[in-house]
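Taking it in order: structure first as structure tokens, then the write-up.
The values are calculated or read from the model by the stated rules, or taken from the named source; none is laboratory data. The shown structure was predicted, so the numbers you read here are calculated from the model rather than taken from an experiment. Here Cβ is always computed from backbone atoms with ideal geometry, including for glycine, and neighbour counts include all displayed protein chains.
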Amino acid sequence: MPVNDILNCDASELWAILDSEDGYEGDRWFMCKGVGMIELCKLGEMLDVGAYDDLIGQFDLVGEPRDEGPWPQTLPGALIERLASISDDEIASVVPQWLTIDELQGSATAEFLTEYLTGLRTYLSAKSGEFYLVNAL
């Protein structure tokens with residue numbers, strides 16, 4: 001299973017997809033490449049979606065925790081809406097600031113984060129329904 005990837009599916013399909021041998025088939029996934037809950041919450045705060053603590057509290061664990069994962073969490077609706085509509089100018093403005101957070105220092109570049117946000121915007125704006133951040137070992 002992935003580390004910090006986003007899955008778009010109906011709640012009733014979530015565990016069947018996560019437990020499936022071919023769960024990655026189709027276009028349900030956005031590969032997050034190491035951008036997880038903390039990074040997204042700090043980005044959401046920078047984009048005035050909400051306070052970091054409020055946003056992190058909206059990532060709700062779905063189901064019973066498993067020792068080795070996966071651990072799917074709901075994504076806050078306001079964060080999804082904001083990232084689905086972020087403009088190129090806003091991306092250019094927020095990336096230098098986002099790049100300075102401890103979790104991204106030394107592991108990301110401005111080019112990577114720009115591509116990440118552009119791809120995430122495309123993914124989120126093309127889909128509807130439920131989104132889950134899926135964490136696993």
The lone condition GLU103 fails out of (1) out of contact with any helix residue (DSSP H, G or I) (no Cβ under 7 Å at 6 or more places or on another chain); (2) surrounded by fewer than 18 Cβ atoms within 10 Å (Cβ to Cβ) is (1)
Which pairs turn up if I take residues in the range 104-124 that are at pLDDT below 95 and look for partners that are of a type in the set (Asp, Glu) with beta carbon separation below 8 Å, at least 6 apart in sequence or on another chain? LEU104/GLU39
Quickly run through the range 8-39 and pick out the residues that are aromatic (Phe, Trp, Tyr) and at pLDDT 90 or above. TRP15, TRP29, PHE30
Scan (1) closer than 19 Å to ALA136 by Cα; (2) under 13 Å from the mean Cα position of the chain (by Cα) for the single condition LEU43 breaks and write down its number. (1)
Look at GLN58 and say whether it is crowded, with 16+ Cβ neighbours inside 10 Å and either within 22 Å of ALA126 (Cβ to Cβ) or without any contact (Cβ under 8 Å) to a residue 60 or more places away in the chain (or both). yes
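Within the bounds of the range 40-48, is there any residue that is touching a strand residue (DSSP E or B) at 6+ places or on another chain (Cβ under 9 Å), crowded, with 20+ Cβ neighbours inside 10 Å and at pLDDT 95 or above?
yes
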Verdict on GLN97 being at negative phi, part of a helix (DSSP H, G or I) and at pLDDT 95 or above: yes
